[in-house]
Amino acid sequence: MPIYLVQHGRSLPKEIDPDQGLSPEGIADTEHTARLSKDLGLKIDGILQSGKTRARQTAEILAAKLAPPDGIKEASGLNPLDDVAPWSSLKPSSNLMLVGHLPFMERLTALLVTGSQEKPVIAFQNSGIVCLNRGEFSTNWVIRWALVPKL
């Protein structure tokens with residue numbers, strides 16, 4: 001089963017919003033990505049998000065378009081500086097989307113693809129989705145595709 005890793009949309013600065021909710025641009029970009037995902041036929045079963053306001057709002061926008069049957073759940077271990085090691089043995093039984101932050105998402109992708117979180121393999125963009133899947137003839141994860149709101 002694939003996993004979909006999402007960096008939250010652009011957020012407001014702490015001086016404007018201490019909770020750093022999504023900015024108008026972040027909302028628009030995430031809505032655009034959600035529409036593209038739906039139009040492309042992306043099917044997800046559930047979304048796990050970090051619990052930070054910007055991740056929750058991003059997850060809600062994506063869920064509104066993609067309607068995951070298992071909904072959205074807050075998950076620990078998806079915050080910006082959390083350790084990615086607990087996620088290294090990730091074996092989802094359904095199409096799972098994780099919504100979180102940098103540098104966590106880039107480190108997790110590197111760990112799953114290369115075995116080392118110190119070897120970056122992709123640069124995430126706010127409101128972007130990176131799809132990982134197990135290799136056809138191996139147990140390693142590979143980057144299958146990425147969808148970003150702006151090229």
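Read the figures in this text as sums done on the coordinates, not as results from a lab. No experiment lies behind these values; they were computed from the predicted model shown. When we count neighbours, we look across all protein chains shown, and the Cβ atoms used for this are built from the backbone with ideal geometry, even at glycine.
For the stretch 60-92, a residue qualifies if it is within 10 Å of Gln49 (Cα to Cα) and either surrounded by 13 or more Cβ atoms within 10 Å (Cβ to Cβ) or among the acidic types (Asp, Glu) (or both), and the qualifying residues are Glu60, Ile72, Glu74, Ala75, Gly77, Leu78, Asn79.
Go through the stretch 47-57 residue by residue and tally those that are in a loop (DSSP other than H, G, I, E, B), surrounded by 20 or more Cβ atoms within 10 Å (Cβ to Cβ) and small (Gly, Ala, Ser). Explain how you work it out, then say what you get.
Step one: list which residues in the stretch 47-57 are in a loop (DSSP other than H, G, I, E, B), which gives 50-52.
Those left that are additionally surrounded by 20 or more Cβ atoms within 10 Å (Cβ to Cβ): 50, 52.
In the following step, the residues that additionally are small (Gly, Ala, Ser) were identified as 50.
Qualifying residue count, the stretch 47-57: 1.
When residues of the stretch 1-46 are filtered for being in contact (Cβ under 8 Å) with a residue 24 or more places away in the chain, hydrophobic (A, V, I, L, M, F, W, C) and assigned to a loop (DSSP other than H, G, I, E, B), how many remain? Residues in the stretch 1-46 being in contact (Cβ under 8 Å) with a residue 24 or more places away in the chain, hydrophobic (A, V, I, L, M, F, W, C) and assigned to a loop (DSSP other than H, G, I, E, B): 4 in total.
Within the group Leu78, Leu90, Leu112, Leu151, which residue is within 13 Å of the chain's Cα centre (by Cα) and under 28 Å from Arg35 (Cα atoms)? So that I can check it myself, show each step before the final result.
Details: Leu90 fails: within 13 Å of the chain's Cα centre (by Cα); Leu112 fails: within 13 Å of the chain's Cα centre (by Cα); Leu151 fails: within 13 Å of the chain's Cα centre (by Cα).
Going through Leu78, Leu90, Leu112, Leu151 in turn, just one is within 13 Å of the chain's Cα centre (by Cα) and under 28 Å from Arg35 (Cα atoms): Leu78.
If you go through the stretch 58-75 and keep only what is more than 13 Å from His101 (Cβ to Cβ) and either touching a Ser or Thr at 6+ places or on another chain (Cβ under 8 Å) or in a loop (DSSP other than H, G, I, E, B) (or both), you end up with Ile61, Leu62, Lys65, Leu66, Ala67, Pro68, Pro69, Asp70, Gly71, Glu74.
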